[in-house]
């Protein structure tokens, strides 16, 4: 059961790291396998950004950090960065706004 | 601090609350106004509330998926998000309506998430600030229930002032005149005109001081003059930029209007065609009269058959047609439109095309009006999606047991059609799209994989309800909609060019018309 618990937490960690731009978002689709080093580097980067001890491990401080409420915008080179090419005025079904 | 994305090209911005009838609308507006005043007090920016969809910053409360591709997640975790400055949804701030928000003045955690703090943070994004790793900063990504009280931490203040400058000063700090140590001087802050109350020891000191005061006065007047001139230049520059913006807006509006009209026209043609097709009686082979020729595919109708003793069919125009489906089959490009297809090989378009799709695959339905999607699978079988069924062919022979319903792939039984099917070069996996959703097919089980469907927004830039998609010989994936196409950049997970290029130019080798401007040159 310990192994299974660990696997789940790594999965959550991966998703969190992808969601907030510590790992490439394309991984969400490709399910790309990453080396342990890449995961550790991403965790270290998150820990640095979050001002918690930088261990590269999913420790209790990291677990607490990723459970904290936060802004949905990514922390690095976010995909939320606006650019006209991710707009599709006619078909987003959002609000039919005309260009200003 | 991090400056992310573009900045606003103007300093006077407008904002508007979209959910004006929500129960807490008054409190929300008051809090947004207060949050904006914090940014306003620390920069040259000014904000004005309007009730308009044209406002620069739209404040929206929404839950879960709300149309921008960035779903909220219910209570907790993600509280809000915002877009960096720009047109359209640029600058807009979205708040998760499922959170328990505290719109009051109290900063008690038990009352819920402090909206003022979150709004202050999101509006920082709306102005062009990214996340900061400074824990004291407003732009720190994790929620902090700090007392705001109109003050901005140094990190955020430096960021916003780098983008928009600090509040305008009438004059900058001038070095005050040196005064003798024996005098008593009352000085106001350096940015204001100083007032002196002196006691002088000698006439000479008085003369010196008066001389310095005159010099000070002269400098002050000079600076004031320079300020006035600078302000006038800035005003003229702003006016010029405003005119330019209006001109650009007008041109953009005209372009969009043209596109809209073209889309409407194509939609009407498509509807007419479908209606007429459905009404069309089965043509007896001995028919000798001319069949009505109002069955059109696009604005341009290619009439090849002029034999009055044969049923006449209107074929789609090579250079003015959107594509229902497109796929590489046996190394050649096949483009499908209505019941027709084009075939493009090494030497370009085969002569005699477009021709009826059923001439190649005769097991397709006799009343075939269109093919929704086509792809060649790993077993080199050709898979056609038509309405709620799919057909698998070994070369030109229908495989046993087919057609089958889409639901047999694990797709929802309510699904009416597939928009596109393609093998993505990035991972060599097979994808199906329909409307706003897409699915991945497990090549071993032949079934839709778990965790699907997903939102089409991951294919950033192609939008929803695409017409077709396929992987070309160059390994790249191309998406099609209306008369245009996008090349997809797999590494960046977005289209390689924001504006769709004209399909007919690349895929049908159609030449440019006289008035047409090349996309790349544009």
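Taken together, the values in this text are just the output of simple stated rules run on the coordinates, not laboratory data. On a predicted model such as this, the values are computed, not experimentally measured, just so you know. Note that we place each Cβ from the backbone using ideal geometry, even for glycine, and neighbour counts take in every protein chain shown.
The simple spin-label model puts a point 7 Å past each Cα toward its Cβ; for residue B:366 and residue B:98 those points are separated by 5.2 nm. Other protein chain C-beta atoms within 10 Å of residue C-beta, averaged over B:243-253: 1. Multiplying the residue separation of residue B:18 and residue B:272 by 0.36 nm and subtracting their alpha-carbon distance yields 87.6 nm.
A Förster distance of 45 Å, applied to the separation of the beta-carbon atoms of residue B:347 and residue B:245, puts the FRET efficiency at 0.35.
Peptides A:9-15, B:13-19, B:256-262 ranked from most to least packed, by the mean per-residue count of other Cβ atoms within 10 Å: B:13-19, A:9-15, B:256-262. Extension gain for residue B:358-residue B:255 works out to 33.2 nm (0.36 nm per residue, less the C-alpha to C-alpha distance).
Model label sites at residue B:443 and residue B:231, defined 7 Å from Cα along the beta-carbon direction, differ in position by 7.0 nm.
Rounded, prolate or oblate: which fits the range B:63-113, taking a ≥ b ≥ c as square roots of the Cα gyration tensor eigenvalues, rounded meaning a/c under 1.5, else prolate when a/b beats b/c? Intermediate results must be reported in sequence, preceding the final value.
On the way: a/c = 3.41, a/b = 1.68, b/c = 2.04.
Oblate.
Set the Förster radius R0 to 30 Å, insert the Cβ-Cβ distance between residue B:395 and residue B:428 as r into 1/(1 + (r/R0)^6), and round the FRET efficiency to 0.05. After rounding to 0.05, the efficiency reads 0.85. Panel order for A:75, B:73, B:474, by other beta carbons found within 10 Å of each beta carbon, from fewest to most: B:474, B:73, A:75. Once you sort the root eigenvalues of the Cα gyration tensor of the range B:392-522 as a ≥ b ≥ c, which label holds: rounded (a/c under 1.5), prolate (a/b larger than b/c) or oblate (the other case)? Prolate is the answer for the range B:392-522, as a/c is 1.5 or above and a/b outweighs b/c. Report note on the peptides B:327-337, B:351-361, B:430-440: ranked by the mean count of other C-beta atoms within 10 Å, highest first, their order is B:430-440, B:327-337, B:351-361.
Working from Cα pairs under 8 Å separated by at least six residues, relative contact order for the range B:398-460 is 22 percent. Label-to-label distance, residue A:57 versus residue B:381, with points set 7 angstrom from Cα along the beta-carbon direction: 5.1 nm. Suppose R0 equals 60 Å; then what is the FRET efficiency for residue B:217 and residue B:73 from their Cβ-Cβ distance, rounded to the nearest 0.05? Using R0 = 60 Å, I get an efficiency of 0.40. Averaged over the residues of peptide B:77-84, the number of Cβ atoms from other protein chains lying within 10 Å of each residue's Cβ is 6. Rounded, prolate or oblate: pick one for the range B:30-106, where a ≥ b ≥ c are the square roots of the eigenvalues of its C-alpha gyration tensor, a/c under 1.5 means rounded, and failing that, prolate if a/b is larger than b/c, else oblate. Since a/c reaches 1.5 but b/c is at least a/b, the shape of the range B:30-106 is classed as oblate.
I'd like the mean, over residues of B:117-123, of how many other protein chain beta carbons sit within 10 Å of each residue's own Cβ.
Values: counts 0, 3, 0, 0, 3, 3, 0.
That average works out to 1.
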